[in-house]
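Q: Got a structure for you, written out below as structure tokens; questions coming shortly.
The values are calculated or read from the model by the stated rules, or taken from the named source; none is laboratory data. Note that this is a predicted model, so its numbers are computed, not measured. FYI the Cβ positions are ideal-geometry reconstructions off the backbone, even for glycines, and counts take in every protein chain you see.
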Amino acid sequence: MRPRTAALLLLSIAGLLFIGIGLSVRLLRAGLRTASLSTEQRLRAIGITAGQALEQGALPTLLDSVARRNDLEAAYLLDAELQPVPVPGRSLVTVSLLRIDPDRALRALHGDPSVGPAYHLEELGPNDEPTASWMAFGHPGPDVGTVLAGYFPVVAADKPARLLVLEAGPAFGALPAQLRATAWAAGATAFGSATLCALLVIAALRAGAREQQLRVEAERGRALREMSAMVAHEVRNPLGTIRAGAELLREQTGPSELIEDILAEVGRLSTLTNQFLQFSSDPKLCIAEMDLGKLCDELCVRLRREHPDEAQLLIKREGDATVLAQGDVDSLRQVLLNLALNAAQAMQALPGSHTLTLTARQLPNGGAEVRVQDTGPGISPEIQKSLFVPFRTTKSTGTGLGLVISQRIVQRHGGTLTLLAQRKEEKGACFVVSLPKTPPLPKAAEASAEGSDS
Amino acid sequence: MWTQLLKIGVIALGLLPQVAAAQVGAAAHASGAAMVSDQGLLLDGVRAFRSEHYTEALGIFHKVEAERQPRDIGFYLGMALHKLGRHAEALPAFRSAHRAGLREPVADYYQALSCYRMGMLARARRDLSALVAHSGAPGSGPALGPRLQLGAGRFLQAIEQAAAARDPKEVGAGGLHSFEAALLRAEGLLSAGGKEELALEWLDETVELLAALPERDAQLPAVRKLMLRMREALSGKPAEADLLALWARVGAGSAL
């Protein structure tokens, strides 16, 4: 499913859930309001409502439903002589007047409804059988067995007065607590579900935005590479002609400053076109087992040769002597050299003595890592944002492709090239090249490099 | 206040149709006043019962029985006798109401309690099981309330515990009272004379225990013999019908 579709779907679900929350809140309020009433008040409310329903023609069988829904002990009708009103279709189940408070019942028949104690149901107690098992059976507390009764007049125009009796035991009294718990649970569930859904929607939207950004960046990278390739090809041939012409002119007229300037600029442009070409195409990598430690040693030798004054720039090699990795040795040499030269240039711009450290380590997971650390001015946060963006450079003679090409090479190895986060008190910059134990298949590596290419 | 209560009532009832909010309290029909003229004595008994003056209540109920012979008077007598601890008399009283085809769940519960206190555990278990099973059955009338169900359930559990606590060598089938003891008790009461109705109660217990006996066929002649004796004693009395019902339940043949 596409992220946008998923987001829309989740958004719809979240909308429905929020509607559900609204309804749950209303239910919760109604439930809590009901639960806050006393048992007597609730029984009275039910009795009045049911009595009115009976007056308006509801069948007495309604009372079965009333009793069942409210966990009542019984709900029945008595006639004016306090005899049970027969209900069609029922067997002859009766109620004795011993369950009834006759005085309150008679008052109710005269229009004075009331709710009060009706009878206490006797249970077996410890005296019934003095054994341990009887004691375990327990004896109910004083109020457990008490049954309340509500008496409500039922007065229909065409019928003699009747009396509605509702008997309520402990189960009815326990309903508010159950209702309260259910209402809170429903509200909490709806709120939790809606929150979860909202989080999922936000995550899906973020993922969609990220994917879109990667797609745009990949598109732009592709366009840049195509343009670079075109420019490099167009410039390369005329450069060859200019170089040949300048060299011919030098042979005919002898060396001159002007001709040397022309040849130097041609050389610089030639380097530039080569970088363009490398950026626009991915030369095939020859992956083989190699020793990154040895490569670092080689680079240090070369750098010391180029910067012999240790007082000005000290080249240090740290870490493991041998660091095995799977990679293309020439490409990785280019990467490390690029990082080291960048660092050396940065430090040269700053007076004083500096140190460039190359640290190679074998990682516990079998991968390898090389750190190139300098004591230069460091990289400002603003520049860090566009560090790997093509053609962005702070150097007057740079192309802005060195780090981009280096990153691409490392990514094609399945690794990462990152700038280590610096603390404020730390000097310089530290780039980390991390390589996995096993490089990915070429296609996967290309996809990875393509996705992060900008 | 009334409107608020009415709304809550509708919610609690689950009644979807809107019920018009009309004032009820003062709308009692005049016909409500014309009543209970011949219930007055019974209501006096009920008032005495509710005030825990059980002897007085019993006297009034006997008077009502003599004057009007209402079909359900057995429940009133049985309950009063139960409260007085006269379980041997309470059981025939409850039985007379049942004979009229009436059922009263609370009275049935107390009848089972009387059975238990008389030592008729098999009957108590049977009656309580029937009471719980009967509840809520289609066409059975108002379902047994949760309070009564809870009480009956605890009661049944207590009977099982009591049965388990007894020595299995001295008890009969199902761990309850022994068949032989119940039979002897019924025979003894019948021989004593004037206690036929109580003998019938014990016969009921005997029949209940017999049904669970592995050697049922071997014991059947003794039960049959007792029933024949009891038939002579109860001849022409209302309890004879109950004896015939027991005879049919045992399947003791047609000689009766």
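Q: For A:Leu336, work out the one condition from (1) of a type in the set (A, V, I, L, M, F, W, C); (2) surrounded by fewer than 20 Cβ atoms within 10 Å (Cβ to Cβ); (3) in contact with a helix residue (DSSP H, G or I) (Cβ under 6 Å, 6 or more places away or on another chain) it doesn't fulfil.
A: (2)
Q: Picking from B:Ala90, B:Ala112, B:Ala100, which residue would you name as being within 12 Å of another protein chain (Cβ to nearest Cβ) and buried (at least 22 other Cβ atoms within 10 Å of the Cβ)?
A: B:Ala112
Q: Taking the conditions exactly as written (surrounded by 20 or more Cβ atoms within 10 Å (Cβ to Cβ), under 27 Å from A:Ala174 (Cα atoms) and modelled with pLDDT under 85), does B:Gly141 satisfy them or not?
A: Answer is yes for this residue.
Q: Considering each residue of region B:149-192, count those that are at pLDDT 85 or above and surrounded by fewer than 16 Cβ atoms within 10 Å (Cβ to Cβ), and give that number.
A: 5
Q: Closer than 23 Å to A:Val335 by Cα and of a type in the set (Val, Ile, Thr), is that true of A:Ile262?
A: The answer is no for A:Ile262.
Q: When you check A:Ala156 against the structure, is it within 14 Å of another protein chain (Cβ to nearest Cβ), crowded, with 20+ Cβ neighbours inside 10 Å and either without any contact (Cβ under 8 Å) to a residue 40 or more places away in the chain or over 44 Å from the mean Cα position of the chain (by Cα) (or both), yes or no?
A: no
Q: May I pose another question? Scan region A:300-317 and tell me whether some residue there is farther than 30 Å from A:Gly267 by Cα and surrounded by 15 or more Cβ atoms within 10 Å (Cβ to Cβ).
A: Among the residues of region A:300-317, at least one is farther than 30 Å from A:Gly267 by Cα and surrounded by 15 or more Cβ atoms within 10 Å (Cβ to Cβ), which makes the answer yes.
Q: Please pick out the residue among A:Glu260, A:Glu226 that is out of contact with any Gly (no Cβ under 9 Å at 6 or more places or on another chain), at pLDDT 85 or above and outside the structural domain of A:Ser386 (by TED's automatic domain parsing).
A: Only one candidate qualifies: A:Glu260.
Q: Looking at region A:30-40, is at least one residue in the same structural domain as A:Val165 (by TED's automatic domain parsing), aliphatic (A, V, I, L, M), crowded, with 20+ Cβ neighbours inside 10 Å and in a helix (DSSP H, G or I)?
A: no
Q: Related question: Is there a residue being in a helix (DSSP H, G or I), in contact with a Gly (Cβ under 8 Å, 6 or more places away or on another chain) and at the interface with chain B (Cβ under 7 Å from one of its Cβ atoms) anywhere in region A:103-117?
A: Scanning region A:103-117, I find at least one residue that is in a helix (DSSP H, G or I), in contact with a Gly (Cβ under 8 Å, 6 or more places away or on another chain) and at the interface with chain B (Cβ under 7 Å from one of its Cβ atoms), so the answer is yes.
Q: Now, a different point. Just wondering, is there one or more residues in region A:238-252 that are surrounded by fewer than 11 Cβ atoms within 10 Å (Cβ to Cβ) and not in a helix (DSSP H, G or I)?
A: no
Q: What number goes with the only condition from (1) surrounded by fewer than 17 Cβ atoms within 10 Å (Cβ to Cβ); (2) at pLDDT below 90; (3) assigned to a helix (DSSP H, G or I) that A:Thr273 does not pass?
A: All conditions pass for A:Thr273, except number (1).
Q: Check A:Arg304 against each of (1) in contact (Cβ under 8 Å) with a residue 24 or more places away in the chain; (2) closer than 21 Å to A:Ala429 by Cα and name the one condition it does not meet.
A: Answer for A:Arg304: the failing condition is (1).
Q: Mind counting the residues in region A:25-55 that are within 7 Å of chain B (Cβ to nearest Cβ) and more than 48 Å from the chain's Cα centre (by Cα)?
A: 10
Q: Of all the strands (runs of 3 or more DSSP E) wholly in region A:285-362, which have at least 3 residues that are within 40 Å of the chain's Cα centre (by Cα) and within 21 Å of A:Gly376 (Cα to Cα)?
A: A:354-362
Q: Sticking with this structure for a sec: Could you check B:Ala133 against (1) more than 10 Å from chain A (Cβ to nearest Cβ); (2) at pLDDT 80 or above and say which number it fails?
A: Every condition holds for B:Ala133 apart from (2).
Q: Hey, another quick one. Within region A:425-440, restricting attention to residues that are more than 15 Å from A:Gly327 (Cβ to Cβ) and at pLDDT below 90, which residue is surrounded by the most Cβ atoms within 10 Å (Cβ to Cβ)?
A: For region A:425-440, the residue satisfying everything is A:Ala429.
Q: Another one. Name the residues in region A:64-83 that are under 16 Å from A:Thr49 (Cβ atoms) and either surrounded by fewer than 17 Cβ atoms within 10 Å (Cβ to Cβ) or more than 7 Å from chain B (Cβ to nearest Cβ) (or both), would you?
A: Answer for region A:64-83, where residues must be under 16 Å from A:Thr49 (Cβ atoms) and either surrounded by fewer than 17 Cβ atoms within 10 Å (Cβ to Cβ) or more than 7 Å from chain B (Cβ to nearest Cβ) (or both): A:Ser65, A:Arg68, A:Arg69, A:Leu77.
Q: Criterion first (free of Cβ contacts under 8 Å to residues at least 40 places away in the same chain and within 13 Å of chain B (Cβ to nearest Cβ)) does A:Thr61 satisfy it?
A: Considered against the rule, which asks whether it is free of Cβ contacts under 8 Å to residues at least 40 places away in the same chain and within 13 Å of chain B (Cβ to nearest Cβ), A:Thr61 comes out as yes.
Q: Could you please give the count of residues in region B:68-82 that are more than 9 Å from every other protein chain (Cβ to nearest Cβ), in a helix (DSSP H, G or I) and in contact with a helix residue (DSSP H, G or I) (Cβ under 7 Å, 6 or more places away or on another chain)?
A: Counting residues in region B:68-82 that are more than 9 Å from every other protein chain (Cβ to nearest Cβ), in a helix (DSSP H, G or I) and in contact with a helix residue (DSSP H, G or I) (Cβ under 7 Å, 6 or more places away or on another chain) gives 5.
Q: Which residue is modelled with the lowest pLDDT, if the candidates are limited to region A:41-91 and must be in a loop (DSSP other than H, G, I, E, B) and β-branched (Val, Ile, Thr)?
A: Filtering region A:41-91 for residues that are in a loop (DSSP other than H, G, I, E, B) and β-branched (Val, Ile, Thr), the one modelled with the lowest pLDDT comes out as A:Val87.
Q: Is it the case that region A:287-300 has a residue that's touching a residue at least 60 places away in the same chain (Cβ under 8 Å), over 30 Å from A:Ser353 (Cα atoms) and of a type outside the set (D, E, K, R)?
A: yes
Q: For region B:199-227, which residues satisfy the criterion of being farther than 18 Å from B:Leu244 by Cβ and assigned to a helix (DSSP H, G or I)?
A: B:Leu209, B:Arg216, B:Asp217, B:Ala218, B:Gln219, B:Pro221, B:Ala222 - these are the residues of region B:199-227 that are farther than 18 Å from B:Leu244 by Cβ and assigned to a helix (DSSP H, G or I).
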